[in-house]
Amino acid sequence: MKNTCFDIDPQESPGDLPSNPIRRRLLAAATLGAGTLALPLGALAAASGRAAGALFDFTGVPVSTADAVTVPEGFRADLLFAWGDAISEGPGAAADASDDAARQLQQAGMHHDGMHFFPFMVGGKPSSTHGLMCINHEYTDDGLLHSDGMAGWSPEKVAKSQAAHGVSVIEVRREGKDWVVVRPSGYARRITASTPCRIAGPARGNALLRTAMDPRGEVILGTLNNCAMGVTPWGTYLTCEENFNGYFRGPAAPDADQKRYGLSEKGFGFRWHEHDERFDATRHPNEPNRFGWVVEIDPWHPDRAPVKRTALGRFKHEGATVTLARDGRVVVYMGDDERFEYLYKFVSHRPWRTGMDDPGALLDDGTLFVAQFEDDGHGRWLPLRHGEMHAKGGLTATNGFADQGDVLIRCRQAADLAGATPLDRPEWIAVRPGSDEAYVTLTNNSKRGSDGAPATDAANPRRDNIFGHIVRWREGSADAAATTFDWEVFALAGDPQHPDPQRQGSIRGDAYGSPDGLWLDPRGRLWIQTDVSTSTLNKGDYARLGNNQMLVADPRSRETRRFLTGPKGCELTGITATPDGRTLFVNIQHPGETASERSDPQHPTAVSAWPANQFPAATGGRPRSATLAITRMDGKSFA
Ligand code: FEO
Ligand code: CA
Ligand code: CA
Ligand code: CA
């Protein structure tokens, strides 16, 4: 089964892949050494004048294969919120997963992913001891979710699976040295795969979004596969729908549009369609068009429905990183996480100002761009505007785009025509606060692509990109709204001990592979979280890199130090901090995952017993995704 973010087979190729300058740069770097990575951005972070290593105030931890979280000496990691924990006054988890769907609706969902801490304002200042947290629950392992796994598959099990997806909004408070979930809380709520969401933006009402249940194309039930996220300047949360295609039963012979988004007859084995017919795309062909969006949630108003912001395009959204252009226009960077997919940027037409009425509407009116990387280290943002003529064709009715709604729903096809550069699975994006400098993780790609290499590649064994890399770019005119940029490879991941020089990478310091989560803290340090597939973790090329981990990199010196190692079978994803930098929240996702991604319910702790093996107060019985609160024992700020 291919369930989640990794190792998904490439969908229908977007035709012959155009030249891929990033791949060429990687190949050159792997052959000639890391020095070749430096491009026009050589002076990018040099202005700080810091001594190398000055950003590190901890001793790195070694790689680990233990079934535990490890943090540096002088730090502590506490468990805050694990799958099954009550969001408010409701029941806690049963160790044997016997909770029904109604109970799951009052508890943390599974597979924590992107998240954010929203501080309460106290005396006009943001609190660092009291806030709301939005936490994504990306998907479920139904082998763990039900006492007997997927045996006796039923409407009740489908309802529980849907209830374990989506987002948790919880209230948290620091009491002494401990963080606790505030129970009861009037803010606490679960948003699931069944929660009504409003449709906004140019695709609202589009014929491709209309269904028997929603003949006007205005309301969608639910959000799912909520991966990474974004935060708006007006204090709302953007949750991103990633591998939505896998939840649907598609036709035996999908059409070209369905193939482009990976709809297949088998899906990823969630089996929702067996008891919820809207997930049967042979009966409801427009239902898959209603997923793959960025969804805005207002954590401060629990009565407000989430809003699917269609102007941000429909694809397998990893995250939606928000910054502001010089004139205050809202800029949202987004990756489409699949092999050979693209990097996007939305720029609002109107600027944001404090005190605006309905600032969310800024996300309904703007231009969506897709990135084209050029060999010389420059790049262009290509507009996906209805009527626009591009290298491979126009975004016009001739090519199936009757209006802007069609362009957004068939966003990948529009980007193909524009000549976007295929990438090695763009995941998280981080923007240096108040700057035009951004980073994207390109997590890995086990396939080479039809053209991804220069002529010299015949002699180069690095035909794929199994360790991934991080690209950094700076916008033209030092303005996030610019239509040109300069780019370079910040780090080529790999194992310096690897016998194959082509796989040693260019990391300065502690090694890693498959970078995924990414965050720039207010001090300007880049936090990197890894997602090595369970099928390759601690094996083969990855034999020396240990469990998934989190590292910190100095953007100027590129020195990288390992801060945290996760338990067995987990990935690290989701990171946010209190405004004072004294608490860092981090998510451990899918501890104990098996190579098949669906656990054996007879042996739920076969791979991992985390977190109960490390935190005795945790509910046991099964490995559980969880949010950690990490602090320094001396109480000082560090993030
Ligand atoms: Fe959900 Fe691409 O990570
Ligand atoms: Ca994942
Ligand atoms: Ca990933
Ligand atoms: Ca990810």
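The values are calculated or read from the model by the stated rules, or taken from the named source; none is laboratory data. The structure displayed is predicted, hence computed values, not measured ones. Note that each Cβ is placed from the backbone with ideal geometry, even for glycine, and that neighbours are counted across all protein chains shown. Heads up: the accessible areas ignore ligands, DNA and RNA and are worked out on the full protein's heavy atoms, side chains in. Shrake-Rupley method; radii C 1.70, N 1.55, O 1.52, S 1.80 Å.
When restricted to residues that are touching a helix residue (DSSP H, G or I) at 6+ places or on another chain (Cβ under 7 Å) and on the phi > 0 side of the Ramachandran plot, region 297-345 contains 1. The set of residues from region 511-532 being surrounded by fewer than 24 Cβ atoms within 10 Å (Cβ to Cβ) and more than 21 Å from F638 (Cα to Cα) comprises just one member, A511. Just wondering, is there one or more residues in region 387-409 that are part of a strand (DSSP E or B), open to solvent by 10 Å² or more (accessible area, probe 1.4 Å) and modelled with pLDDT under 95? The answer is no; no qualifying residue exists.
The condition (being among the β-branched types (V, I, T) and either out of contact with any Leu (no Cβ under 9 Å at 6 or more places or on another chain) or modelled with pLDDT under 95 (or both)) is satisfied by just one residue among T631, T530, T594: T594. The single condition among (1) touching a Ser or Thr at 6+ places or on another chain (Cβ under 8 Å); (2) within 18 Å of I87 (Cα to Cα) that L144 does not satisfy is (2).
Exactly one residue among L408, L417 is under 22 Å from N245 (Cβ atoms) and in contact with a Ser or Thr (Cβ under 6 Å, 6 or more places away or on another chain), and that residue is L408.
Residue count for region 268-279 satisfying the condition of being outside any loop (DSSP other than H, G, I, E, B) and open to solvent by 10 Å² or more (accessible area, probe 1.4 Å): 4.
Restricting region 340-353 to residues that are surrounded by fewer than 21 Cβ atoms within 10 Å (Cβ to Cβ) and touching a residue at least 60 places away in the same chain (Cβ under 8 Å), the residue that is farthest from the chain's Cα centre (by Cα) is W352. Looking at A77, A95, A82, A68, just one residue is farther than 26 Å from M550 by Cβ and modelled with pLDDT of 95 or more, and that residue is A95. For region 473-492, filtered to residues that are of a type in the set (G, A, S) and over 27 Å from A511 (Cβ atoms), the residue that is most open to solvent (accessible area, probe 1.4 Å) is S477.
I'm checking my understanding of the structure. Among residues of region 65-110 that are outside any strand (DSSP E or B) and β-branched (V, I, T), which one is surrounded by the fewest Cβ atoms within 10 Å (Cβ to Cβ)? Among those residues, the one meeting the criterion is T65. For residues that are in a loop (DSSP other than H, G, I, E, B) and in contact with a Lys or Arg (Cβ under 9 Å, 6 or more places away or on another chain), scanning just region 421-440, find the one that is nearest to ligand 4 (Cβ to nearest atom). Going through the qualifying residues, I end up with R425. If the condition is being of a type in the set (D, E, K, R), touching a helix residue (DSSP H, G or I) at 6+ places or on another chain (Cβ under 7 Å) and open to solvent by less than 10 Å² (accessible area, probe 1.4 Å), then region 410-451 contributes only R412. Residues that are open to solvent by 10 Å² or more (accessible area, probe 1.4 Å), at pLDDT 95 or above and closer than 30 Å to R174 by Cβ occur in region 598-609; there is at least one. Take the conditions (1) assigned to a loop (DSSP other than H, G, I, E, B); (2) surrounded by fewer than 23 Cβ atoms within 10 Å (Cβ to Cβ); R174 misses just one of them, which is (1). Please tell me if A320 is hydrophobic (A, V, I, L, M, F, W, C), surrounded by fewer than 21 Cβ atoms within 10 Å (Cβ to Cβ) and more than 12 Å from ligand 1 (Cβ to nearest atom). Considered against the rule, which asks whether it is hydrophobic (A, V, I, L, M, F, W, C), surrounded by fewer than 21 Cβ atoms within 10 Å (Cβ to Cβ) and more than 12 Å from ligand 1 (Cβ to nearest atom), A320 comes out as no. Residues in region 533-584 that are farther than 30 Å from V167 by Cβ and within 16 Å of ligand 3 (Cβ to nearest atom) were compared, and the one that is surrounded by the fewest Cβ atoms within 10 Å (Cβ to Cβ) is Y542. Here D375 passes the criteria (1) part of a loop (DSSP other than H, G, I, E, B); (2) over 26 Å from H390 (Cβ atoms) except the one numbered (2). Only residues that are in contact (Cβ under 8 Å) with a residue 40 or more places away in the chain and touching a helix residue (DSSP H, G or I) at 6+ places or on another chain (Cβ under 9 Å) were counted in region 521-535, giving 2.
Within region 111-158, the set of residues being away from ligand 3 (no atom under 16 Å from the Cβ), within 19 Å of F268 (Cα to Cα) and crowded, with 21+ Cβ neighbours inside 10 Å comprises T140, D142, G143, L144, L145, H146, K157, V158. Restricting the first member to region 558-572 and to residues that are on the phi > 0 side of the Ramachandran plot, and the second to residues that are charged (D, E, K, R) and away from ligand 4 (no atom under 16 Å from the Cβ), the beta-carbon pairs closer than 7 Å and six or more apart or on different chains are R558/R508. Restricting attention to region 493-503 and to residues that are in a loop (DSSP other than H, G, I, E, B) and over 12 Å from L545 (Cβ atoms), the residue that is most open to solvent (accessible area, probe 1.4 Å) turns out to be P499.
Please verify whether R339 is touching a strand residue (DSSP E or B) at 6+ places or on another chain (Cβ under 7 Å), basic (K, R) and more than 16 Å from ligand 2 (Cβ to nearest atom), treating the condition exactly as stated. Here the answer is no, as R339 does not meet what is asked.
Can you confirm whether F615 is closer than 16 Å to C134 by Cβ and either modelled with pLDDT of 95 or more or not basic (K, R) (or both)? So F615 fails the test.
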